[in-house]
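Remarks on the structure that follows.
The values are calculated or read from the model by the stated rules, or taken from the named source; none is laboratory data. Given the structure is predicted, the values throughout are model-derived calculations rather than measurements. Every residue, glycine among them, receives a Cβ derived from its backbone with ideal geometry; neighbour counts consider all protein chains shown. Areas reflect the complete protein model, heavy atoms only, side chains present, ligands, DNA and RNA absent. Shrake-Rupley method; radii C 1.70, N 1.55, O 1.52, S 1.80 Å.
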Amino acid sequence: MNSFGRLFRLTTFGESHGPALGAVVEGCPAGVPLDEARIQKALDRRRPGQSALTTARAEADCVEVLSGLYEGKTLGTPIAALVRNTNQRSADYAAFGEKDRPGHADAVWRARFKHQDRRGGGRTSGRETLSRVIGGAIAEAFLARQHPQLHTVAWVSQVGPLKAPPPETLPSRERVDAHPTRCPFADCAEEMATLIQTAKQSFDSLGGSVDICTQGMPVGFGEPVFGKLKARLADALAGIGAVTGVVWGGEDMLGDIGLSGRRFHGYGGNTRGEGQGGGEVYGGIQGGLSNGKALSLRVYFKPPATLGEMAKAGRHDPCILPRAVPVVEAMVSLVLADLSLQTLAFPHAL
């Protein structure tokens, strides 16, 4: 299962400490404006070594597009791209020998496959997500042509116990990227940065959440029975290694309220914004289909499992949330690109 999607399909390959990682995207139509610079910009937002808050592994993550593009447009053929690893320190993992790292996938991988690349986790490393970001950049290029009104932005909404306030308007990616934490609220971002630095210095780690919103959604993306839009998004987002939960809905349905079910009464929830669309409390999804309102989700991440002596021996993120933002955006864009093609191909199918 190294592929994701049905009509717009991403396949990822490579290991954290191998020669390279990469992606192959099939199903992107011909004529979509796209160049290496767009993909590189997306990778730059995910790459390691961005600030003192992230891993010290310094990788430029320079993309090489091998096929599928000509004269700045897609050809409709498979788009293959790779990023070469240039700053591996595999010796950091030699000290562990055959010992399984607590909280990692070492033991279960070996039990299933009987052989494994123990350097940095191999395919289970978070570095694999750069391939998803490549796919997401291509998906966004297609969506920009097919649905120019559609706009997706994610941001860090919680680190440890610190929660950012809900934004009054959707922040721009420039505003999100203005601070190393990728929290668009300056005061809260500074507190988060201090908390992450403290965790890093004590070889601890922090979890939290990323919020994502897509505006300009068409009506009818998804399916009414199997393949609901919320199910497709959950599949995409839960497939990110450190994700522990996904919640759909506007601010009053997110977080502790959404997870604990404290909204026991239907009035105020089901009746708000009656008529087509039904209101923001559904997070832009009704009956498995997009309802034209903004699509909103919150994605929860566990703290990284590399702690204590393991953290001292290698280079690791004390909090993956800032670098997870473009990965979350990429997975949502891949789902929407796939559903766009599905809607075009089978507009009346059930």
Candidate set from segment 307-316 (those that are modelled with pLDDT under 70 and outside any helix (DSSP H, G or I)); member that is most open to solvent (accessible area, probe 1.4 Å): LEU307
Looking at VAL108, VAL65, can you tell me which residue is among the aliphatic types (A, V, I, L, M), at pLDDT 75 or above and closer than 20 Å to ALA242 by Cα? VAL108
Can you name the residue in segment 24-40 that is among the β-branched types (Val, Ile, Thr) and within 18 Å of the chain's Cα centre (by Cα) and, of all such residues, is most open to solvent (accessible area, probe 1.4 Å)? VAL24
Mind checking which residues of segment 221-235 are under 17 Å from GLY245 (Cα atoms), open to solvent by less than 60 Å² (accessible area, probe 1.4 Å) and either touching a residue at least 24 places away in the same chain (Cβ under 8 Å) or assigned to a strand (DSSP E or B) (or both)? LEU229, ALA231, ARG232, LEU233
Of all the residues that make up segment 111-144, how many are farther than 16 Å from ALA23 by Cα and either at pLDDT 90 or above or in contact with a Cys (Cβ under 6 Å, 6 or more places away or on another chain) (or both)? 3
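A quick yes/no check of all residues on (1) at pLDDT 95 or above; (2) crowded, with 24+ Cβ neighbours inside 10 Å; (3) touching a Leu at 6+ places or on another chain (Cβ under 9 Å); (4) part of a helix (DSSP H, G or I):
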residue: GLY277; (1), (2), (3), (4): no, no, no, no
residue: PRO303; (1), (2), (3), (4): no, no, yes, no
residue: PRO318; (1), (2), (3), (4): no, yes, yes, no
residue: PRO326; (1), (2), (3), (4): yes, yes, yes, yes
residue: GLU329; (1), (2), (3), (4): yes, yes, no, yes
residue: ALA337; (1), (2), (3), (4): yes, yes, yes, yes
Can you pull out every residue in segment 165-199 that is free of Cβ contacts under 8 Å to residues at least 60 places away in the same chain, open to solvent by less than 20 Å² (accessible area, probe 1.4 Å) and small (Gly, Ala, Ser)? ALA189
I'd like the residue in segment 5-23 that is open to solvent by less than 40 Å² (accessible area, probe 1.4 Å) and outside any loop (DSSP other than H, G, I, E, B) and, out of all such residues, is farthest from LEU336 (Cα to Cα). ALA20
ASP211 under 30 Å from GLU26 (Cα atoms), over 16 Å from the mean Cα position of the chain (by Cα) and open to solvent by less than 60 Å² (accessible area, probe 1.4 Å): no
